[in-house]
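The values are calculated or read from the model by the stated rules, or taken from the named source; none is laboratory data. No experiment lies behind these values; they were computed from the predicted model shown. Cβ placement follows ideal geometry from the backbone for every residue including glycine, while neighbour counts extend to all protein chains displayed. These area figures cover heavy atoms from the full protein model, side chains too; ligands, DNA and RNA do not enter into them. Shrake-Rupley method; radii C 1.70, N 1.55, O 1.52, S 1.80 Å.
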Amino acid sequence: MKKTIAVIFGGRSPEYHVSLQSAAAVIRNINTEKYRVVMTGIDSLGNWHVFEGSTEEIEKDTWKDSSALKPAVLSLDHEGTHCLLTFGEEGQDMIPIDAAFPVMHGAYGEDGRLQGALEMAGIPVIGCGMMSSALCMDKLLAHRIASSCGIPCAEGTCVNRYDENTRKAAEAIGYPLYVKPLRAGSSYGISRVCSSEELEEAVRNALRYDSTVIMEEEIRGFETGCAVIEKDGLFMGRPDRIILQDAYYDYTEKYNPKNSEIQCPAPFDAELSERIRKAAEAVWHALGCTGFARIDLFVSEEGIIYFNEVNTIPGFTAHSRFPKMMEAAGISFPELIDLIIEERLKKEGETA
């Protein structure tokens, strides 16, 4: 019998529209001979729906206006049938779920809250669980844990307002520095600050996305990433390298690149590639990652590898970094999706 997979998309995060693109790509590439897909959309108000329309409607964000839509809730009956409950003109219906594949970036989808709800409901989560998702989303906690395991991280400190103490903390770090929301993705709210005159605006901008802001030193060098999945242990894609003409890799460059280039695979020698893989593996284990993740790192001008952040739900479009790194390692997009789902169901079968 086919296993039923709920692909969950949308949500209350500013990254809502990015989620739609990733989810549409995932749904298109799931092997429907093996799996039944339940498209589960969460709108920007946090309301759940089961959607039976097309992936094109998801991409265009017209899915919410479709007639192929039913209000839904997640059943939290852990010992009962693990399911979504839908409500229509015919009354209530129950859709049993074998596993959930959250494809939601940012707050309320990638930060452990959704994973916690699914775990309470007894539904296996494809990807990182509640605890690792929450830790990875919090840049300060993630850095503290990585540092305690001997993994270098940029010097940083957190603030929740702009005042004299904020200015002093920035001076102690030194300019240029980066100001970021503590718990956000897709480079929302990030600024590169070169002087004290720019600091106030940068802090206020970051506070639009989170109640806490982290200020970090700039690591001079370049950014790289490593895609990791569980596959008979850990399997890693080929590392990439981001080449920038501007100062940093902001939201615009991530989704509409004009002044940046991503080399994948990166032209690293064997020694550097191995050190990147080992650093990614160390971060993965330190933060308790499972399923899949993209681990972002910096390589300084001196060749030191620094941990930047973990994307527990990286971009999943065909041109996103995560599938591109896996493709460079010989795993196609459909194979990647199949492996991710299969590995989680196999693990669930072993513990049942």
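Taking 0.36 nm per residue of separation and subtracting the current Cα-Cα distance, fully stretching the chain between R36 and I243 would add 70.5 nm. Taking every pair of alpha-carbon atoms in the stretch 1-42, give the share separated by more than 14 Å as a whole percent. Taking all Cα-Cα pairs of the stretch 1-42, the fraction more than 14 Å apart is 47 percent. Rounded to the nearest 20 debye, the dipole size of the stretch 56-162 about its Cα centre is 660 debye, using +1 on the Cβ of Lys and Arg and -1 on the Cβ of Asp and Glu.
So if the hydrodynamic radius of the stretch 1-116 is defined as the Kirkwood radius over C-alpha pairs, what does Stokes-Einstein give as its diffusion coefficient at 10 °C and 1.306 mPa s, in µm² per second? If you can, show how the numbers build up before the last one.
Values: Rh = 14.3 Å.
Rounded to a whole number, D works out at 111 µm²/s.
To the nearest 0.05, how large is the calculated FRET efficiency for L234 and I304 if R₀ is 35 Å and r is the Cβ-Cβ distance?
0.95
Solvent-accessible surface of protein heavy atoms, probed at 1.4 angstrom with all chains present, puts C226, C158, C194 in the order C194, C158, C226, largest first.
Rounded to the nearest 0.05, what FRET efficiency do N165 and K278 give with R0 = 35 Å and r taken as the Cβ-Cβ distance? Could you check?
Result of the calculation: an efficiency of 0.40.
Counting only Cβ charges, +1 for Lys and Arg and -1 for Asp and Glu, the dipole size of the chain around its Cα centre is about 220 debye.
What whole-number value in Å² describes the accessible area per residue of the chain for a 1.4 Å probe?
45 Å²
Checked against a 18 Å cut-off, the cross-linked pairs K3/K324; K139/K180; K3/K231; K231/K346; K231/K347; K3/K347 give Cα-Cα distances beyond that limit for K3/K324; K3/K231.
Dividing the alpha-carbon radius of gyration of the stretch 54-164 by 2.2 N^0.38 Å (N being the number of residues), what value is obtained?
On the way: Rg = 19.1 Å, N = 111, 2.2 N^0.38 = 13.2 Å.
That works out to 1.45 for the stretch 54-164.
Expressed in nm to one decimal, what extension gain is obtained for the pair A318 and E79 from 0.36 nm per residue of sequence separation less their Cα-Cα distance?
Between A318 and E79, full extension yields an extra 82.3 nm.
Ranked from largest, the principal axis spans of the Cα set of the stretch 308-352 equal 36, 25, 16 Å.
Other residues with beta-carbon under 12 Å from the beta-carbon of R161 carry, at +1 per Lys or Arg and -1 per Asp or Glu, a net charge of -1. Here R275 sits with roughly 80 square angstrom of accessible surface, probe radius 1.4 Å. Taking the accessible area of the chain, probe 1.4 Å, and keeping the other protein chains in place, the carbon and sulfur fraction comes to 48%. Provide the FRET efficiency to the nearest 0.05 for the T62-E201 pair, computing r from the beta carbons and using R0 = 45 Å. The pair T62/E201 has a calculated efficiency of 0.80.
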